[in-house]
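Derivation of every value follows stated rules applied to the coordinates shown; laboratory data play no part. This is a predicted model, so every value here is computed, not measured. Here the Cβ is made from the backbone with ideal geometry for all residues, glycine too, and neighbour counts use every protein chain on show.
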């Protein structure tokens, strides 16, 4: 009997693991990532490149660095595998809000306490908050206005002279962090990412309610949007403020579908004061509220009133911040486009066509081709936004808003992994949660970036991105998978409502 147990295959033993086993496995994987990240992560450039803790001797020298890379990706693989194994528990709705909270805290704590991973934007956030704390306006000047030191040295050169592209609520939060922890860059980075934990916590509170209303599995919604590697990397390991914007937007959409329109408008307005793309949520919520009135004149009056509420939220936050309205200026809004990376499909298409024409000797530079395709993408994003806005009714609002976000991200001039969370968090609470594309997107953060924040999209990778984008688009349309991604948006939602209600009844039992 003992021999048969010893000879049991590893896969069979893992099949017997319970939920807490995978929670612990993910925790230890996060610890491994944090420890090895002290060598391969995006460390403050203080002259020594040290974090507040280190692993003495283990990762020193060239052999130690190579070992650190191997260990880091082993930890990332362990975290990703642990997440994947949680799906079986989510399918059975054993991964409820309480278990998801325990998992989130266990997996997030090492990543928050460790050095920033996959991006160094956190240092720009701290620098912008420090500018405001010193009485300077980050909407009028870049981090270069700060005195030389570890913080300034840690800011990426491309952002050194650029103004802050974020809303006044976010700058106010960054200013508070700089005021309390300004003497230490590592402490400020930890504090900023602890604040970002608010986004996943908001989703933990509202996603199950939204999923139940949409007839989707609440546990799968949390599995995708809160616990996925993309969420862990984008929101907590790197600390992007998209976390709070997405969390507030999910809360606003949930309250909107529950008929609590005033609160929904206020939360959507607050999301906008974190990051401007949150304004899309304001538009969708305002029009959803207006649609509750029976005739056109009443709808217009209510839309104007609701819009005034949203404008009031923006005005109050802006005035309290004392930073003025520069956050809505054209130069500020154009800041994200200063970096051109071929991971964005429209950039990849432009580079592919431009280089091909160059080989053929035709007079069209690659930069011009990229600009043309970016223009085409911008028009396409506007078209998608308008189309989805008119299709947004009742329970299709989360899907429509997610589609509008996807249009901006996939057709936009730049694509970072954390941008994908804008749509994914909403779609996770719909029947689209079963889409293979959403699951695949959850691994994108580990593919598009290196742990030090460098992009993997270098050299001829634009050819791979172009081919992959064409293939995915063709497959999505040809197979009809787009209907699974956008349930009810381009069909009669009434026909799907019966199955939605049956799933919702089962979810509430």
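Results, tabulated for the structure shown:
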| read-out | value |
| --- | --- |
| Along principal axes, Cα extents of the range 339-508, largest first, whole Å | 62, 35, 26 |
| Size-normalised alpha-carbon gyration radius of the range 101-249, reference 2.2 N^0.38 Å | 1.11 |
| Rh by Kirkwood over Cα pairs, then Stokes-Einstein D for the range 194-315 at 0.692 mPa s and 37 °C, µm²/s | 222 |
| Cα-only Debye scattering, the range 191-266: base-10 log of I(q)/I(0) at q = 0.16, 0.19, 0.23 Å⁻¹ | -0.55, -0.74, -0.99 |
| Simple label model, 7 Å out from Cα along Cβ direction - residue 298 to residue 50, nm | 6.9 |
| Compactness relative to 2.2 N^0.38 Å, alpha carbon Rg of the range 75-180 | 1.44 |
| Calculated P(r) of the chain - Cα pairs past 32 Å, % | 44 |
| For the range 281-337 versus the range 360-386, the gap between their alpha-carbon centres in whole angstrom | 30 |
| Long-range tail of P(r) for the range 273-364 (Cα pairs > 21 Å, %) | 59 |
| Expected 222 nm ellipticity per residue - DSSP helices of 4 or more, -39500 (n - 2.57), all of the chain, to 500 | -20500 deg cm²/dmol |
| Computed E for residue 368/residue 187 - FRET, C-beta separation, R0 35 angstrom, nearest 0.05 | 0.15 |
| For 477, 126, order by how many other beta-carbon atoms lie within 10 Å, fewest first | 477, 126 |
| Computed lengthening from residue 92 to residue 176, 0.36 nm per intervening residue step minus Cα-Cα distance | 26.0 nm |
| Overall Cα dimensions of the range 375-469 - principal axes, largest extent first, Å | 44, 31, 22 |
| Relative contact order [Cα under 8 Å, 6+ residues apart], the chain, whole percent | 17 |
| Ranked list, fewest to most other Cβ atoms within 10 Å of each Cβ, for 81, 72 | 81, 72 |
| Ranking of 96, 452 by count of other Cβ atoms within 10 Å, fewest first | 96, 452 |
| Against the rule of thumb 2.2 N^0.38 Å, how large the Cα Rg of the range 10-119 comes out | 1.21 |
| Packing-based order for 228-240, 278-290, using average beta carbon neighbours within 10 Å, highest first | 228-240, 278-290 |
| Shape call, the range 242-293: gyration tensor on alpha carbons, a/c limit 1.5 | prolate |
| Average Cα contact separation per residue, the range 53-191, under 8 Å, 6 or more apart, as relative contact order % | 22 |
| Normalised contact order of the range 121-195, rounded percent, pairs of Cα under 8 Å and 6 or more residues apart | 41 |
| Using distinct alpha-carbon pairs, which all enter the 1/r mean, Kirkwood radius of the range 121-195 in Å | 11.7 |
| Cα-based shape type of the range 309-422, given that a ≥ b ≥ c are square roots of the gyration tensor eigenvalues and the cut on a/c is 1.5 | oblate |
